[in-house]
Amino acid sequence: MTLPDLKKELEIARTRLAKLETENEVAECAMDMTLEKLIFENIPGGMAVIGLDGSILVPNSEASQIIGYTTEEIVKLNASSIICNRQDLLTLLKQLKQGKIISGYPLMLRCKDNSTIWTSFSAKPIEYGGSKAALITFTDITKHKQALKELELDEIRFEMLYTISGMIHKPEKDILNFALDAIVKVTDSEFGYIFHLNEDETELSLHAWSTDALRQCKIKSMPRVFKIEDTGLWGNAVRQRKPIITNDYMACPNKRGHPEGHVPIIRHMNIPVFEGKRITFVAGVGNKDTEYTKEDIRQLDLVMDGTTSVLHRKRAITAMEKAHDRLEERVQDRTAKLQKANEDFARLTTKLIKQDKERELAKKTLIRYERIISSSPDLISLIDQEHRFVMVNDAYEKAFGIKQEAIIGHSIHGILEDTVLDERLHKNVDKTFNGEVIKVETWVNFPTLGKRFMAVFYHPVSIEEGIIEFVSIEARDMTDLKTKEEALREAAERLDLATDAGNIGIWEWDLLDDDTIWDNKMHELYKVTPGEFDSIYDAWRTRLHEEDLPEIERELADCIAEKKRFDTEFRIVWPDGSVRFIRAAASLRINEDGVPFSMTGVNWDVTDRRTMEIELRRLASTDPLTGASNRRHFMDRLQAEFERCKRYSTPMVLLSIDIDHFKKINDSFGHPDGDEVLKDLVQRCKATLRTTDVFGRVGGEEFLAALTQTSNIAGERTAERLRSIIESNPVSVHGNQIPYTISIGLTGILDEDSSIEPLLKRADEALYKAKNNGRNRVEKH
């Protein structure tokens, strides 16, 4: 071949090589574009490329799915049509134009059906098609935001209710005004109101209206009383006796409208507040930024329930204070009458003394008083300064079997000699002549009456002022009372023994004086040292578990207000942190005015019983080998979650999980090691699944998991993550590494499902599909 021919062949080869290199670059570019498209379409969350003027250039399918548009529809939109807050859009575009990277920006988007969702938004400036653009990603965090919002509202409500519970001594107007602020805050509303309903439920009277709403309201004369029959939509809460939500007031066909100058109504919700079967208040809120839901009803109900409980307790306290005031008035009135009677008696005594100045005449008059006291069952005698009887009544004669004539004029030493009375008689008489008043209680052996318990009173008697002429001795038979006291003491001792044996504490609460008494067993039950706290009630509140305290105080106030028996159970916390369960029961004592004035009750420790009940419930619902829920408990939980999902139209995914070749594991390593594999699977499932998910062992190596509030896509990701974790982590048992895998069948709730049976069947079919397709995989139905 000649040199020109060789050069020509070389040129042809070079041309062919350049063409092949070009084709190879095109193929590699196409491959890169296919890979980028694959990543773009399958990355979790929404992804799109937007222009820096807000135009949407390219969305992935999940971005379209999140906001409800098709891919063709979304590229015709501008970001301003989707982003709710225009200022957010301007801020984001400005930062992207400055070359900044945006991460985790909370952004509210408007979907095609005009609903809104919260997203976590991230963006990065890029070059696209030769122009500056931005690659954005976003994920739906609406449920997370809602959960945070509900938690925030629950905290606000708890603080509000805690504050309301401390307003027991405030006027009702202040309590209701505070409650009004609370219902506006916990429902995130623009305004609120509280109306009082009369007893026959025909007339509403305005208690309070939000201050902000009043400033916006231009009505010249705002009425304060409304007839139920004249009210519009807001009166339906009374007419229908249930909460009413109106999320589109203007579109409501049966609205009556509102007066000119009234605050514009966008959304509205109100509830009836019951006291027993009667409605006492109507509470309402309006113009929330988003739609009102059952959660808002719950928040409103809880605040108003707490408010009415405080009002009931306040009214009970007010009633007790009024009763106490009435009692004080009666006591003062009786005291005044008694003082007047004493003054009258003093004047009469002075008059008699003045009329009978002569000593002998006074003695004769004093002796004549024998006739007045002769019929008294008490032993009454009059002793002169010589220790002689001047007078005795008929009871003396019966007690000693001696005629009165044989007693009068004789010394007390001879008559009462050798009796118990004689032992200290002389000393007591001498002390009484020196002006002392003496009382002695002792047993006396009488010749005719036998042994009797006597209360003996020594009183000085003056005829002329300043001179004690006689000593009056009155001996009263107290045997029956003493016997009853002894019986009562013995009964009390028996009661102490019984309560001690039964570990029962007894307490009493004086409602008028707010004074509480505990026996020793109560101090022992609560681990409280006498005098440790300023009051017993403080000790009780301090020991009560903080979660149980509001409810138990409410129950206690309700029992007093409604005059019913107190019977409940609660937890206390000992100083060492131990938690005990206490059962409490008490009854009220009510005076003639119908006002409770005292409460007596018992406490006993039921911790062992409650612990046993909890353990029995745990054993009844738990698989003993793995600690997972057993089949019966799981099926009960699944049924409950299924009904909840159908009721509220929320998604749920069911996973059917089976260990691959489990029999081979048992045959190769033994059943004890196989049990360890089962335990390992349960531990990893519990660690991977959420606490809200339901998980249980339903067969030998078969398990079920119900993922609540979960779409099929999210459920697939969870199942695949669980499968991968099991595959990557062999079980270490007795020095052996036992690798194992699982197959998972997945299905979700369908609209036509009327029970859990179709759901279980589809999950099993999906599991069989995974087994038949090679195991160690996730299949869905």
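Report the residue count in segment 560-587 for those that are within 22 Å of the chain's Cα centre (by Cα), outside any loop (DSSP other than H, G, I, E, B) and over 24 Å from residue 532 (Cβ atoms).
Result for segment 560-587: 8.
Are any of the residues in segment 482-489 over 30 Å from residue 586 (Cβ atoms), surrounded by 14 or more Cβ atoms within 10 Å (Cβ to Cβ), modelled with pLDDT under 85 and within 58 Å of the chain's Cα centre (by Cα)?
The answer is yes; a qualifying residue exists.
Output the number of residues of segment 749-766 satisfying the condition of being free of Cβ contacts under 8 Å to residues at least 12 places away in the same chain and not in a helix (DSSP H, G or I).
Within segment 749-766, residues that are free of Cβ contacts under 8 Å to residues at least 12 places away in the same chain and not in a helix (DSSP H, G or I) number 4.
Hey, residue 720 hits all of (1) farther than 23 Å from residue 623 by Cβ; (2) at pLDDT below 95 but one; which does it fall short on?
Among (1) farther than 23 Å from residue 623 by Cβ; (2) at pLDDT below 95, residue 720 violates only (2).
Would you say residue 669 is of a type in the set (Phe, Trp, Tyr) and at pLDDT below 95? Working first, answer last.
Numbers: of a type in the set (Phe, Trp, Tyr): yes; at pLDDT below 95: yes.
So residue 669 fits the description; yes.
Residue check, residue 533 against (1) exposed (fewer than 15 other Cβ atoms within 10 Å of the Cβ); (2) of a type in the set (Phe, Trp, Tyr); (3) in contact with a Ser or Thr (Cβ under 9 Å, 6 or more places away or on another chain), all met but one. Which one?
Of everything listed in (1) exposed (fewer than 15 other Cβ atoms within 10 Å of the Cβ); (2) of a type in the set (Phe, Trp, Tyr); (3) in contact with a Ser or Thr (Cβ under 9 Å, 6 or more places away or on another chain), residue 533 misses just condition (1).
Can you tell me which of (1) over 26 Å from the mean Cα position of the chain (by Cα); (2) surrounded by fewer than 14 Cβ atoms within 10 Å (Cβ to Cβ); (3) closer than 29 Å to residue 309 by Cα is the one residue 238 doesn't meet?
It is condition (2) that residue 238 fails.
Test residue 769 against the stated conditions and say whether it is of a type outside the set (Asp, Glu), assigned to a helix (DSSP H, G or I) and surrounded by 14 or more Cβ atoms within 10 Å (Cβ to Cβ).
Yes.
Taking segment 266-303 only, how many residues are assigned to a loop (DSSP other than H, G, I, E, B) and out of contact with any Phe, Trp or Tyr (no Cβ under 9 Å at 6 or more places or on another chain)?
Of the residues in segment 266-303, 8 are assigned to a loop (DSSP other than H, G, I, E, B) and out of contact with any Phe, Trp or Tyr (no Cβ under 9 Å at 6 or more places or on another chain).
Tally the residues that are among the aliphatic types (A, V, I, L, M) and out of contact with any Phe, Trp or Tyr (no Cβ under 8 Å at 6 or more places or on another chain), restricting the search to segment 245-265.
Taking segment 245-265 first, the residues among the aliphatic types (A, V, I, L, M) are 245, 250-251, 263, 265.
Okay, now just the ones that are also out of contact with any Phe, Trp or Tyr (no Cβ under 8 Å at 6 or more places or on another chain), so 250-251.
Residues flagged as among the aliphatic types (A, V, I, L, M) and out of contact with any Phe, Trp or Tyr (no Cβ under 8 Å at 6 or more places or on another chain) within segment 245-265 amount to 2.
Tell me which residues, restricted to segment 427-455, are among the aliphatic types (A, V, I, L, M), out of contact with any Ser or Thr (no Cβ under 7 Å at 6 or more places or on another chain) and in a strand (DSSP E or B).
Passing the criteria: 440, 455.
So, of the residues in segment 183-200 that are over 18 Å from residue 263 (Cβ atoms) and more than 24 Å from the chain's Cα centre (by Cα), which turns out to be surrounded by the most Cβ atoms within 10 Å (Cβ to Cβ)?
The selected residue is 197.
From the list 519, 514, 593, which one is closer than 30 Å to residue 325 by Cβ and either free of Cβ contacts under 8 Å to residues at least 24 places away in the same chain or touching a Leu at 6+ places or on another chain (Cβ under 7 Å) (or both)?
514
If you check residue 607 against the conditions, is it β-branched (Val, Ile, Thr) and either in the same structural domain as residue 707 (by TED's automatic domain parsing) or within 26 Å of residue 319 (Cβ to Cβ) (or both)? I'd like the intermediate steps shown before the answer.
Values: β-branched (Val, Ile, Thr): yes; either in the same structural domain as residue 707 (by TED's automatic domain parsing) or within 26 Å of residue 319 (Cβ to Cβ) (or both): no.
Answer is no for this residue.
Helices (runs of 4 or more DSSP H) wholly in segment 142-244 with at least 3 residues that are out of contact with any strand residue (DSSP E or B) (no Cβ under 9 Å at 6 or more places or on another chain) and either modelled with pLDDT under 70 or in the same structural domain as residue 108 (by TED's automatic domain parsing) (or both) - which ones? It would help to see each step written out before you state the result.
Details: elements: 142-165, 172-186, 211-216, 236-239.
Counting at least 3 such residues, we get 142-165.
Scan the strands (runs of 3 or more DSSP E) fully inside segment 619-733 and keep the ones with 3 or more residues being out of contact with any Ser or Thr (no Cβ under 7 Å at 6 or more places or on another chain).
652-659, 702-708, 731-733
Among the residues of segment 69-83, write down those that are farther than 13 Å from residue 53 by Cβ and outside any helix (DSSP H, G or I).
Answer for segment 69-83, where residues must be farther than 13 Å from residue 53 by Cβ and outside any helix (DSSP H, G or I): 69, 70, 75, 76, 82, 83.
Report the residue count in segment 588-615 for those that are closer than 18 Å to residue 578 by Cα and in a strand (DSSP E or B).
3
Keeping to segment 555-577, report how many residues are hydrophobic (A, V, I, L, M, F, W, C), surrounded by fewer than 17 Cβ atoms within 10 Å (Cβ to Cβ) and within 14 Å of residue 317 (Cβ to Cβ).
Looking only at that region, the number is 0.
Could you count how many residues in segment 97-125 are at negative phi and not in a strand (DSSP E or B)? Walk me through how you get there before you give the answer.
Filtering segment 97-125 for residues at negative phi gives 97-98, 100-103, 105-113, 115-125.
Adding the requirement that they be not in a strand (DSSP E or B) leaves 97-98, 100-101, 111-113, 115.
Selection size over segment 97-125: 8.
Name the single residue that is surrounded by the most Cβ atoms within 10 Å (Cβ to Cβ) among those in segment 255-279 being at pLDDT 85 or above and in contact with a helix residue (DSSP H, G or I) (Cβ under 7 Å, 6 or more places away or on another chain).
270
The values are calculated or read from the model by the stated rules, or taken from the named source; none is laboratory data. Computed from a predicted structure; not experimentally measured. Positions of Cβ are generated from backbone atoms using ideal geometry, with glycine treated the same way; all protein chains shown enter the neighbour counts.
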